[in-house]
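Engineer: Just dropping this structure here.
The values are calculated or read from the model by the stated rules, or taken from the named source; none is laboratory data. These numbers come from a predicted model, not from an experiment. Quick reminder, even Gly has a Cβ in these numbers, built from the backbone with ideal geometry, and neighbours come from all protein chains shown.
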Amino acid sequence: MLPAGLSHACAQAGRLLLDSVLPPLCLGCNEIVETPGTLCAACWQGFSFIAPPYCARCSAPFAEDLGEDALCGACLARSPRYRRARAALVYDTRSRRLVLPFKHGDRTDIARACGRWMARAGAELLAEADLVAPVPLHWRRLFARRYNQAQLLARVVVRQSAAKSPPRLAPELLRRRRWTGSQTGLRAQERRGNVRQAFDIHPRWVSEVAGKTVLLVDDVLTTGATVEACARVLQRGGARHVDVLTLARVVRPAV
Ligand SMILES: [Zn+2]
Ligand SMILES: [Zn+2]
């Protein structure tokens, strides 16, 4: 086996070689672009990047600026278990074309650009974090997919931190100990029930969590049930704050 540094260098050389023979393709639509790992102009304009004004807790976009501390109707009605959640993109038909191949189609190369957008959207959260933890997959799903997309994103996000003492990547902090099946098609309350007690803190990390600010990383925030179940476990383990950073989030029309 090659030493880690050498095998990394070989992988990089291989990638450079591929980049030199294949034209770089847009991450969103496979059109040819100038720079690898980027979007074409049409995709860039079509993607809905999330920016203020938004809810101070969950970053649901507001149509008008209601002030820095304003909360959305959902957060006022039911306070989420996390302190703040931020996302780079609105989860819609456009961003789904990026998220689905990344999640299910072995397109792990997408993580680099997405992680950069996430680090920008969550810069404030990243600056305050002590630990960055991906939402874990159940081992059965990890076995089938071969990678945890949240972990790939978490790694890029930590690398992008501009802080003097960057947060520590804690890829195995949380474990998914119960098989929960797919959450698709379940309503918010059903999702919460489905993931209750699905997670725990890895014994190796139990003593590390107390008093720490943990940044949870996931691909898509839908109802927030999964990250809230993780936040609950971390809070019980003594975490000081739990923030959430996702690549995309579902935005429901205001009611
Ligand atoms: Zn494109
Ligand atoms: Zn909110």
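Engineer: Is it the case that the stretch 149-166 has a residue that's crowded, with 20+ Cβ neighbours inside 10 Å and assigned to a loop (DSSP other than H, G, I, E, B)?
Structural biologist: So far as the stretch 149-166 goes, no, none of its residues is crowded, with 20+ Cβ neighbours inside 10 Å and assigned to a loop (DSSP other than H, G, I, E, B).
A quick yes/no check of all residues on (1) closer than 30 Å to residue 225 by Cα; (2) within 16 Å of ligand 2 (Cβ to nearest atom); (3) at pLDDT 85 or above:
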residue	(1), (2), (3)
5	no, no, no
9	no, no, no
20	no, no, no
35	no, no, yes
83	yes, yes, yes
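Engineer: I've got another one for you. What are the residues in the stretch 223-250 that are in contact with a Phe, Trp or Tyr (Cβ under 8 Å, 6 or more places away or on another chain), surrounded by 19 or more Cβ atoms within 10 Å (Cβ to Cβ) and more than 12 Å from residue 84 (Cα to Cα), if any?
Structural biologist: Our first condition is that a residue be in contact with a Phe, Trp or Tyr (Cβ under 8 Å, 6 or more places away or on another chain); within the stretch 223-250, this holds for 224, 227-231, 233, 242-244, 247-250.
Filter again for surrounded by 19 or more Cβ atoms within 10 Å (Cβ to Cβ), leaving 224, 227-231, 233, 242-244, 247-249.
The answer is 229, 230, 233, 247, 248, 249.
Engineer: Still on this structure: What is the residue count in the stretch 37-61 for residues that are crowded, with 16+ Cβ neighbours inside 10 Å, away from ligand 1 (no atom under 16 Å from the Cβ), part of a loop (DSSP other than H, G, I, E, B) and not polar (S, T, N, Q)?
Structural biologist: Count: 6.
Engineer: Moving to a separate point now. So which residues in the stretch 86-138 are part of a strand (DSSP E or B) and either at positive phi or not charged (D, E, K, R) (or both)? First the steps, then the outcome.
Structural biologist: Initial filter on the stretch 86-138 (part of a strand (DSSP E or B)): 86-90, 131-134.
Scanning the stretch 86-138 gives 87, 88, 89, 90, 131, 132, 133, 134.
Engineer: Still on this structure, I have one more. Which of the numbered conditions does residue 180 fail, given that it passes all the others? Conditions: (1) within 22 Å of residue 205 (Cβ to Cβ); (2) assigned to a helix (DSSP H, G or I); (3) β-branched (Val, Ile, Thr); (4) at pLDDT below 95.
Structural biologist: Failed condition: (2).
Engineer: What number of residues within the stretch 105-133 satisfy the criterion of being touching a Leu at 6+ places or on another chain (Cβ under 9 Å) and within 18 Å of residue 239 (Cα to Cα)?
Structural biologist: Going through the stretch 105-133 one residue at a time, the tally reaches 8.
Engineer: Cβ-Cβ under 8 Å, sequence separation 6+ or interchain: first residue in the stretch 99-114 and under 17 Å from residue 221 (Cα atoms), partner acidic (Asp, Glu). Which pairs?
Structural biologist: Sorted first by the residue in the stretch 99-114, then by its partner, the pairs are 99/219; 102/219; 103/219.
Engineer: Name the residues in the stretch 79-98 that are in contact (Cβ under 8 Å) with a residue 24 or more places away in the chain and of a type in the set (Val, Ile, Thr), would you?
Structural biologist: 90
Engineer: Among the residues that make up the stretch 68-77, is at least one of them modelled with pLDDT of 90 or more and under 16 Å from residue 95 (Cα atoms)?
Structural biologist: no
Engineer: When residues of the stretch 209-221 are filtered for being surrounded by 19 or more Cβ atoms within 10 Å (Cβ to Cβ) and more than 12 Å from residue 83 (Cα to Cα), how many remain?
Structural biologist: The number of residues fulfilling the criteria is 7.
Engineer: Does the stretch 104-132 hold any residues that are buried (at least 18 other Cβ atoms within 10 Å of the Cβ) and touching a Phe, Trp or Tyr at 6+ places or on another chain (Cβ under 8 Å), and which are they?
Structural biologist: 110, 111, 114, 117, 121
Engineer: Of all residues in the stretch 54-75, count the ones that are more than 6 Å from ligand 2 (Cβ to nearest atom), over 16 Å from residue 244 (Cα atoms) and small (Gly, Ala, Ser).
Structural biologist: The number of residues fulfilling the criteria is 4.
Engineer: Checking residue 94 against (1) modelled with pLDDT of 95 or more; (2) within 16 Å of ligand 1 (Cβ to nearest atom), which single condition isn't satisfied?
Structural biologist: The failed condition is (1).
Conditions tested, residue by residue: (1) modelled with pLDDT of 95 or more; (2) closer than 26 Å to residue 113 by Cα.
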position	(1), (2)
163	no, yes
168	yes, yes
193	no, no
213	yes, yes
218	yes, yes
247	yes, yes
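Engineer: Anything in the stretch 72-103 that is over 20 Å from the mean Cα position of the chain (by Cα), among the aliphatic types (A, V, I, L, M) and crowded, with 18+ Cβ neighbours inside 10 Å? List them, or say none.
Structural biologist: Within the stretch 72-103, just 74 meets the criteria.
Engineer: Which residue is farthest from residue 239 (Cα to Cα), if the candidates are limited to the stretch 137-183 and must be of a type in the set (A, V, I, L, M) and in contact with a Lys or Arg (Cβ under 7 Å, 6 or more places away or on another chain)?
Structural biologist: The extreme case among them is 156.
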